[in-house]
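Report on one structure; see the data block that follows.
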Amino acid sequence: AQSVTQLDSQVPVFEEAPVELRCNYSSSVSVYLFWYVQYPNQGLQLLLKYLSGSTLVESINGFEAEFNKSQTSFHLRKPSVHISDTAEYFCAVYLLSNTGKLIFGQGTTLQVKP
Amino acid sequence: KAGVTQTPRYLIKTRGQQVTLSCSPISGHRSVSWYQQTPGQGLQFLFEYFSETQRNKGNFPGRFSGRQFSNSRSEMNVSTLELGDSALYLCASSTDRPPYNEQFFGPGTRLTVL
């Protein structure tokens with residue numbers, strides 16, 4: 001069965017420090033990979049996605065993630081976080097054979113402190 | 001373009017009642033997926049509708065049902081509500097054009113069962 005594991009439930013970090021949110025997945029079929037962000041009382045917003053091609057993908061607000069097929073990982077990184085990055089982050093996979101269904105990890109709460 | 005809208009945003013029901021939630025997708029999107037988000041179970045896929053047909057289904061009891069109308073708007077219904085049904089219900093729409101269609105999420109409906 002396919003699954004997604006986010007290794008940290010909470011990550012506290014000081015403003016302007018680097019951060020890495022870890023995500024590992026398990027699947028016997030090809031997948032697409034995503035990171036979503038959820039701010040309080042809001043829905044999910046797509047942060048970035050890996051479909052194919054370059055294994056390093058970037059978002060417009062400074063986040064990046066690298067697809068590592070051998071380690072089945074898709075860790076999210078940012079070199080310098082801001083207070084406004086405080087939110088919950090979800091890693092998700094989409095199975096090419098399973099339409100309309102995203103499988104999510106349990107989420108990681110990023111707490112950026114001043 | 002207007003985003004995905006969900007109504008109502010908040011609902012309070014009592015055990016045994018039934019509830020209907022509504023989702024209006026982005027114009028032109030024909031696929032609608034529903035997810036349940038709880039602190040304990042995280043984000044779980046309920047079902048996906050495309051062209052008025054349920055195309056995929058998650059592991060939820062039959063009390064959870066849905067439908068899609070010809071204008072792609074979707075409703076989900078939960079009958080005989082239980083305390084454990086308290087959750088944020090999110091819907092997401094996509095165009096369903098290959099190879100993959102980004103799912104755009106609505107703000108959710110917060111259901112509280114007393």
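Side notes on the structure shown:
- Solvent exposure of the protein assembly as shown amounts to 48 Å² per residue of accessible area, where only protein heavy atoms count and the probe is 1.4 Å.
- Accessible surface of chain A [probe 1.4 Å, protein heavy atoms]: carbon and sulfur percent: 48
- Rounded to the nearest 20 debye, dipole of the protein assembly as shown from Cβ charges on Lys, Arg, Asp, Glu: 680
- DSSP beta bridges in the protein assembly as shown [antiparallel fraction, %, rounded to 5]: 90
- Those residues of segment A:69-104 for which accessible area with every protein chain present is at least 10 Å² below the isolated value (1.4 Å probe): A:Phe90, A:Tyr94, A:Asn98, A:Thr99, A:Gly100, A:Lys101, A:Leu102, A:Phe104
- Point-to-point label distance, A:Glu15-B:Thr7, nm (Cα→Cβ direction, 7 Å offset): 4.0
- One quarter of the convex hull surface built on the alpha carbon atoms of segment A:55-99 amounts to 4.4 nm², the projected area averaged over directions.
- Heavy-atom accessible area buried between chains A and B is around 1700 Å² (1.4 Å probe, both sides summed).
- Kirkwood's formula applied to the C-alpha pairs of the protein assembly as shown gives a hydrodynamic radius of 18.2 angstrom.
- Segment A:80-95 and segment B:39-83 have Cα centres separated by 26 Å.
- DSSP-loop trypsin sites (Lys or Arg not before Pro) across segment B:11-114, with at most 12 other Cβ within 10 angstrom: B:Arg15
- Our summary of shape: the Cα atoms of chain B have principal axis extents of 41, 27, 26 Å, ordered from largest down, in whole angstrom.
- With all protein chains in place and a 1.4 Å probe, the accessible surface of segment B:1-44 carries 48 percent carbon and sulfur.
- The alpha-carbon atoms of segment A:31-85 define a convex hull whose volume equals 95 cubic angstrom per residue.
- Selection from A:Pro12, A:Val57, A:Asn68, by position along the positive dipole direction of chain A (Cβ): A:Asn68
- Chain A has equivalent-ellipsoid semi-axes of 24, 15, 12 Å, by the square roots of 5 times the alpha carbon gyration tensor eigenvalues, sorted largest first.
- Sparse packing (at most 14 other Cβ atoms within 10 Å of the Cβ) combined with a DSSP loop state is found for none of the chymotrypsin sites (Phe, Trp or Tyr not before Pro) in segment A:1-92.
- Members of A:Lys49/A:Lys113; A:Lys69/A:Lys113; A:Lys69/A:Lys101; A:Lys101/B:Lys13 lying beyond 30 Å, as alpha-carbon distances in this model show: A:Lys69/A:Lys113
- Counting 0.36 nm for each residue step from A:Arg77 to A:Thr5 and taking away their Cα separation leaves a gain of 24.3 nm.
The values are calculated or read from the model by the stated rules, or taken from the named source; none is laboratory data. These numbers were taken from a predicted model, which means no experiment stands behind them. Cβ coordinates were reconstructed from backbone atoms using ideal geometry, including for glycine residues, and neighbour counts include every protein chain displayed. Note: areas computed on protein heavy atoms with side chains; ligands, DNA, RNA excluded. Shrake-Rupley method; radii C 1.70, N 1.55, O 1.52, S 1.80 Å.
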